[in-house]
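The structure appears below as structure tokens.
Please treat every number below as a calculation from the coordinates, not as lab data. These figures come from a predicted structure and were not determined experimentally. With ideal geometry, Cβ positions are generated from the backbone for all residues, glycine too; neighbour counts draw on all protein chains shown.
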Amino acid sequence: MFFHRQELQHKAKPDAPDAVYARKLQEVLGGQYGEITVALQYQFQGWNMHMPGKYRDLVFGIGAEEMGHVEMLAVMIAQLLEKSPLGITDEAVQKDPTVAAVVGGTDIQQGIVAGAGARPADSMGNPWSGSYITASGNLLADFTANANAEMQGRLQVARLYHMTDDHGVRDLLGFLLARDTMHQNQWLAAAEELKAEKIEELPVPSNFPLSKEERDVSYQYLNFSDGAAASEGSWASGPTPDGKGEFTYHDGPTTTAPYPGPTHPDARFYGTTEVPNRIEKIAGAAQDMFHKE
């Protein structure tokens, strides 16, 4: 059940209209790591969760807040588009508003489709996709993905912060940066708590029997690059983060196997083979002759 309160979590108003920057903001609204993605990602994780309690409350709580961030960005985009010129080009181009919009770097669909408003799309106009969402049902995998999403999103907001001098826009972005800081820490803390409580551990999924994997290669660093410096890292020697093994370093693979011999595909697929293909051709030719007679 959802209720909507017509208030914003943080109030910010741009100093001046800017259609070009409104297009840039679409990335952190409808891009792969935008607010629409994290808002729905956390909701789907909650809906797919098999155990009630603090972890489900956490994802629903942050997911609801992220919906508010979707709203704040959509409102800011609309404010940036309000009374904004269609383009910033010379007089010749201005005679065609559509061309002016393209040359000027604005998103013409914000005007044509959304009536000078935000769209569920990224900064290039690509529609938001549900394939951006990670909701696997495994909490450690999902919380790790959530931390990554918040890191990527905060990185993009930080870049956008330096792409404008508008105090009102920077005010909003500064607030979003602070909330991304909190959410990164929340997901990382939740992941550590899962491990401390032995609910889920590395390697994910921890309830799959390790005896069923080929343990000889489970902790081998296999170097398939001519760069040798990787051997100096903690991932090449010493205890593994899951506490179940020791890293070892190897130049190239430690296992090899002969390449499988030729296969004989189903004749209905008409794949080219060696001897069987010749036999089939002869048989086919004979059958054709029979039908002709």
Problem set entry | Prolate/oblate/rounded label for segment 210-251 (Cα gyration tensor, a/c 1.5) | oblate
For this session: Note down the net charge around residue 45, summing +1 for each Lys or Arg and -1 for each Asp or Glu among other residues with Cβ under 15 Å from its Cβ.
Result: -4
Exercise. Relative to the first principal axis of the alpha-carbon coordinates of the chain, what is the inclination of helix 35-47, with its axis defined by its Cα atoms, in degrees from 0 to 90 and to the nearest 10?
Worked result: 60
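Can you give the local net charge around residue 242? Use residues other than it whose beta-carbon is closer than 12 angstrom to its beta-carbon, Lys and Arg +1, Asp and Glu -1.
-1
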Seminar exercise, completed: Quick calc: nm separation of the 7 Å Cα→Cβ label points for residue 244 and residue 266 -> 3.8
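I need the peptides 105-115, 231-241, 147-157 ranked by packing, meaning the mean over residues of other C-beta atoms within 10 angstrom, with the highest value on top. Could the numbers behind the result be given before it?
Details: 105-115: 17.2, 231-241: 12.5, 147-157: 19.6.
Top to bottom by mean Cβ count within 10 Å: 147-157, 105-115, 231-241.
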For this session: May I ask for the angle, rounded to the nearest 10°, between helix 139-161 and the longest principal axis of the chain, with both axes built from Cα atoms and the value confined to 0 to 90°?
Result: 50
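When you count, for each residue, the other Cβ atoms within 10 Å and take the mean per peptide, how do 217-227, 184-194 rank with the highest first?
Working: 217-227: 11.8, 184-194: 17.1.
Highest to lowest by the protection proxy: 184-194, 217-227.
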Problem set entry | Most to least packed among 202-210, 28-36, 74-82 [average Cβ atoms within 10 Å] | 28-36, 74-82, 202-210
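As a test of the formula, what do you get for the chain when each DSSP H run with n ≥ 4 contributes -39,500 (n - 2.57) and the sum is divided by the residue count, at 222 nm and rounded to the nearest 500 deg cm²/dmol?
Values: 9 runs with 141 residues, N = 293.
Here the helix-only value at 222 nm equals -16000 deg cm²/dmol.
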For this session: Quick one: grab the alpha carbon gyration tensor of segment 161-251, order the square roots of its eigenvalues as a ≥ b ≥ c, and give me rounded if a/c is under 1.5, else prolate or oblate depending on whether a/b is larger than b/c.
Result: oblate
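Averaging over all projection directions, find the projected area of the Cα convex hull of segment 19-196 and quote it in nm² with one decimal place.
On the way: hull surface 41.1 nm².
Reported value for the Cα convex hull: 10.3 nm².
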